[in-house]
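J.: Structure incoming, see below.
The values are calculated or read from the model by the stated rules, or taken from the named source; none is laboratory data. Quick caveat, the model's predicted, so the values are computed rather than measured. Every residue, glycine as well, gets a Cβ built from its backbone with ideal geometry; the counts of neighbours run over all protein chains shown. What goes into the accessible areas is simple: the full protein's heavy atoms, side chains included, and nothing from ligands, DNA or RNA. Shrake-Rupley method; radii C 1.70, N 1.55, O 1.52, S 1.80 Å.
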Amino acid sequence: PSSLPLEATSKLSLDSMEKIEAMSTSLASPDSMASLSPDSMEKIDVLVVGCGISGISAAYHISKHCRGTTFAVLERRAKLGGTWSFFKYPGIRTDSDVFSFGFGWKRWESDNIVAPAKDICQYLDDAVDEHGLRQHIRLNTDVVSASFSSATQRWTV
């Protein structure tokens with residue numbers, strides 16, 4: 001995985017739609033971050049770490065309810081899905097029905113009421129593609145540190 005340096009302001013409230021400002025660059029190592037200038041960084045408003053169910057849901061809600069807000073979802077691994085794509089033990093499945101488990105904004109189409117991980121991963125991939133979220137997801141991206149500057153009111157991630 002690669003690391004991605006970012007700077008962001010300290011507060012986010014989706015309810016009040018206050019924006020945070022984040023600046024990112026192309027992928028770089030932590031050692032090279034000192035040489036980066038703010039001018040060489042891409043501006044984004046919101047940074048989501050992790051592309052499991054919660055990260056995908058956050059991306060959907062940002063895109064739907066915070067129009068004009070730029071965002072990125074960082075995922076360490078090469079595949080989205082969190083727990084459901086990570087664990088591979090035999091018989092992995094939900095312990096509740098998928099109708100209470102799934103997103104309110106993405107209907108569960110499978111006939112399986114208690115779904116295996118494979119079906120859940122497909123559901124998550126479909127949700128991401130149906131709502132145009134994949135363009136915001138940066139796979140193989142490690143977050144190696146995060147520090148806050150009181151002077152600039154920004155995070156460096």
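J.: Right, Leu139: at pLDDT 90 or above, closer than 17 Å to Ala58 by Cα and open to solvent by less than 40 Å² (accessible area, probe 1.4 Å) or not?
T.: Judged against the criteria, Leu139 is not a match.
J.: Inside the stretch 67-91, can you point out the residues that are part of a loop (DSSP other than H, G, I, E, B) and either touching an Asp or Glu at 6+ places or on another chain (Cβ under 8 Å) or of a type in the set (D, E, K, R) (or both)?
T.: Listed by number, the residues that qualify are Arg67, Thr69, Thr70, Glu75, Arg76, Arg77, Lys79, Leu80, Gly81, Lys88.
J.: With respect to Cys121, is the statement that it is modelled with pLDDT of 90 or more, surrounded by 11 or more Cβ atoms within 10 Å (Cβ to Cβ) and out of contact with any strand residue (DSSP E or B) (no Cβ under 8 Å at 6 or more places or on another chain) true? It would help to see each step written out before you state the result.
T.: Working: modelled with pLDDT of 90 or more: yes; surrounded by 11 or more Cβ atoms within 10 Å (Cβ to Cβ): yes; out of contact with any strand residue (DSSP E or B) (no Cβ under 8 Å at 6 or more places or on another chain): yes.
Yes: the conditions hold for Cys121.
J.: Condition first: touching a residue at least 12 places away in the same chain (Cβ under 8 Å), farther than 29 Å from Val114 by Cβ and open to solvent by 20 Å² or more (accessible area, probe 1.4 Å). Now tell me which residues in the stretch 62-93 satisfy that.
T.: Ser63, His65, Thr69, Thr70
J.: Quick one: in the stretch 144-157, of everything that is out of contact with any Leu (no Cβ under 6 Å at 6 or more places or on another chain) and open to solvent by less than 70 Å² (accessible area, probe 1.4 Å), which residue is nearest to Lys88 (Cα to Cα)?
T.: Ser145
J.: Going by the structure shown, is Ser96 touching a helix residue (DSSP H, G or I) at 6+ places or on another chain (Cβ under 8 Å), farther than 20 Å from Val48 by Cα and of a type in the set (S, T, N, Q)? Full working, then the answer.
T.: Details: touching a helix residue (DSSP H, G or I) at 6+ places or on another chain (Cβ under 8 Å): no; farther than 20 Å from Val48 by Cα: yes; of a type in the set (S, T, N, Q): yes.
Against the criterion (touching a helix residue (DSSP H, G or I) at 6+ places or on another chain (Cβ under 8 Å), farther than 20 Å from Val48 by Cα and of a type in the set (S, T, N, Q)), Ser96 does not qualify.
J.: Take the conditions open to solvent by 20 Å² or more (accessible area, probe 1.4 Å) and at pLDDT 95 or above and apply them to Ala59. Does it pass? Talk me through it step by step, then tell me what you get.
T.: On the way: open to solvent by 20 Å² or more (accessible area, probe 1.4 Å): no; at pLDDT 95 or above: yes.
So Ala59 does not fit the description; no.
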